[in-house]
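Presented below is the structure to which this report refers.
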Amino acid sequence: MQHLIHKIDAEFLVKALKSCFSKDFQKVALHEPTFSGKEWDSVKECLDTGWVSSAGKFVDQFELKLAEFTGVKRAVAVVNGTSALHASLKLAGVEAGDEVLVPTLTFVATANAVTYCGATPHFVDSEEKTLGVDPEKLRIWLTEIGEIRNGGFYNRKTGRRIKALIVVHVFGHPVDLDPISEFCSEMNITLIEDAAGALGSYYKGRHVGNRGKFSIVSFNGNKIITTGGGGAILTNDEEAGELAKHVTSTAKLPHPWLFEHDQVGFNYRMPNLNAALGCSQIEQLPRLVERQRNLAARYQKALSTVEGLAFFNEPEFAKSNFWLNALLLNEDQASRRDVLLSRLHDNGLGARPSWTLMHKLPMFRNNPRMDLTTAQNLESRLINIPSSAFLS
Ligand SMILES: *Cc1c(COP(=O)(O)O)cnc(C)c1O
């Protein structure tokens, strides 16, 4: 029967977090890779044979394994997740002068890629259940500001076409794709999934990345599997997949010796050396997801004993990879966020606040946006905690 507001006990929080690790680590980063397969052999093979760069068998193999794992028709391996987003937007027909809807709660790459196309990111709010785009709120906003004209959806306030929506599966947790893809097709807005950190996550039984016209994943060193640096475009449209391969490989026409190109393409192809690492890493993905989920379950249990906060759990329609675990402080504890972050760091725990919201960054400060109350509230209360698979 206590109604007093207690401060979260930082020492107790540190103990609770550390009790979830399989051994006593001195210092743990937010997310580190786990190499427990044939990585050395695959990379060595590239060096021994000289196939380190833009040709070689591992790129094709990696693309096939990715398509098989995610259930998409075509996967195209590229140099990083950001270039995958850029190429996807181009392929989706995003042009200079367009607007693209982007959650304000995301990594900067999502908004940057839109800007590379000469288009304007238009920021949208998130929901607490998924940390991703709030479908109901966005539908209401679009109905209020937009109209369908000449087969496209236009923002009446700015006069610009709203060509696409990029949803982000934040920290690996799937957004509510059903209502989102429903209004996207109604309004003629192209859906793109930023599944950068969501490899191994499922929405209603199906791997994420199957709904967007294009979807992207990242294999940066801090993601669930890594190729050093890398990314991929996923699509269920075979023709679009072929085109994605073409434009990310300098749009070179196939020929044994002739160098001829039929459009301005990108040099975004993943090198064979990175793909070799990817082939070994993806074999371990099911086991890594299991370990990530195991760590999340331990956190969930341990944090239930800490007053003043909650562990962020997957929504009921999702099976998440729990790439980055997060806790949410109760509203009355939000002012303690930075104190807790520095106490966690003092104790060797690599914790982090959420990404700074996009609409607060200097280059995006004047961009169009809807009411962003929920994202702002989440930013003030969220802490990411160490999430490497090997911790559990
Ligand atoms: C990591 C990440 C990216 C970008 O991937 P890179 O491979 O680092 O370019 C894009 N979006 C989100 C949400 C990410 O977490």
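The values are calculated or read from the model by the stated rules, or taken from the named source; none is laboratory data. Keep in mind that this is a model prediction, so the values were computed, not measured. For neighbour counting, all protein chains shown are included, and Cβ atoms are generated from backbone atoms with ideal geometry for every residue, glycine included. The area values use the complete protein model at the heavy-atom level, side chains included, leaving out ligands, DNA and RNA. Shrake-Rupley method; radii C 1.70, N 1.55, O 1.52, S 1.80 Å.
Tabulated data
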read-out	value
Count of residues meeting criterion [in contact (Cβ under 8 Å) with a residue 40 or more places away in the chain, over 22 Å from the mean Cα position of the chain (by Cα) and open to solvent by less than 70 Å² (accessible area, probe 1.4 Å)] in the stretch 310-336	5
Only one of 251, 276, 198 that is buried (at least 20 other Cβ atoms within 10 Å of the Cβ), at pLDDT 95 or above and closer than 24 Å to residue 57 by Cβ	276
Tally, over the stretch 135-194, of residues that are of a type in the set (Asp, Glu), open to solvent by 40 Å² or more (accessible area, probe 1.4 Å) and not in a helix (DSSP H, G or I)	1
Filter result (open to solvent by 10 Å² or more (accessible area, probe 1.4 Å) and more than 16 Å from residue 191 (Cβ to Cβ)) within the stretch 91-108	95, 96, 97, 107, 108
Some residue of the stretch 212-234 being under 17 Å from residue 68 (Cβ atoms) and either away from the ligand (no atom under 16 Å from the Cβ) or touching a Pro at 6+ places or on another chain (Cβ under 7 Å) (or both)	no
Extreme residue, nearest to residue 236 (Cα to Cα), among residues of the stretch 35-72 that are touching a Pro at 6+ places or on another chain (Cβ under 9 Å) and open to solvent by 50 Å² or more (accessible area, probe 1.4 Å)	69
Test for residue 115: is it in contact with a Pro (Cβ under 8 Å, 6 or more places away or on another chain), of a type outside the set (A, V, I, L, M), closer than 17 Å to residue 358 by Cα and within 16 Å of the ligand (Cβ to nearest atom)	yes
Residue match in the stretch 1-22 (condition: in contact (Cβ under 8 Å) with a residue 12 or more places away in the chain, within 16 Å of the ligand (Cβ to nearest atom) and within 29 Å of residue 282 (Cβ to Cβ))	no
Check on residue 307, of a type in the set (Asp, Glu), open to solvent by 70 Å² or more (accessible area, probe 1.4 Å), in contact (Cβ under 8 Å) with a residue 60 or more places away in the chain and not in a strand (DSSP E or B)	yes
Wholly enclosed helices (runs of 4 or more DSSP H) of the stretch 1-109 bearing at least 3 residues more than 30 Å from residue 346 (Cβ to Cβ) and touching a Cys at 6+ places or on another chain (Cβ under 8 Å)	57-70, 81-91
Residues (surrounded by 18 or more Cβ atoms within 10 Å (Cβ to Cβ) and either touching a Pro at 6+ places or on another chain (Cβ under 8 Å) or without any contact (Cβ under 8 Å) to a residue 40 or more places away in the chain (or both)) located in the stretch 338-357	349, 351
Within the stretch 73-89, tally of residues that are in contact with a helix residue (DSSP H, G or I) (Cβ under 7 Å, 6 or more places away or on another chain) and buried (at least 20 other Cβ atoms within 10 Å of the Cβ)	11
Number of positions in the stretch 39-72 that are closer than 22 Å to residue 195 by Cβ, out of contact with any helix residue (DSSP H, G or I) (no Cβ under 6 Å at 6 or more places or on another chain), in contact (Cβ under 8 Å) with a residue 24 or more places away in the chain and not aliphatic (A, V, I, L, M)	4
Residue match in the stretch 202-213 (condition: among the small types (Gly, Ala, Ser) and crowded, with 20+ Cβ neighbours inside 10 Å)	yes
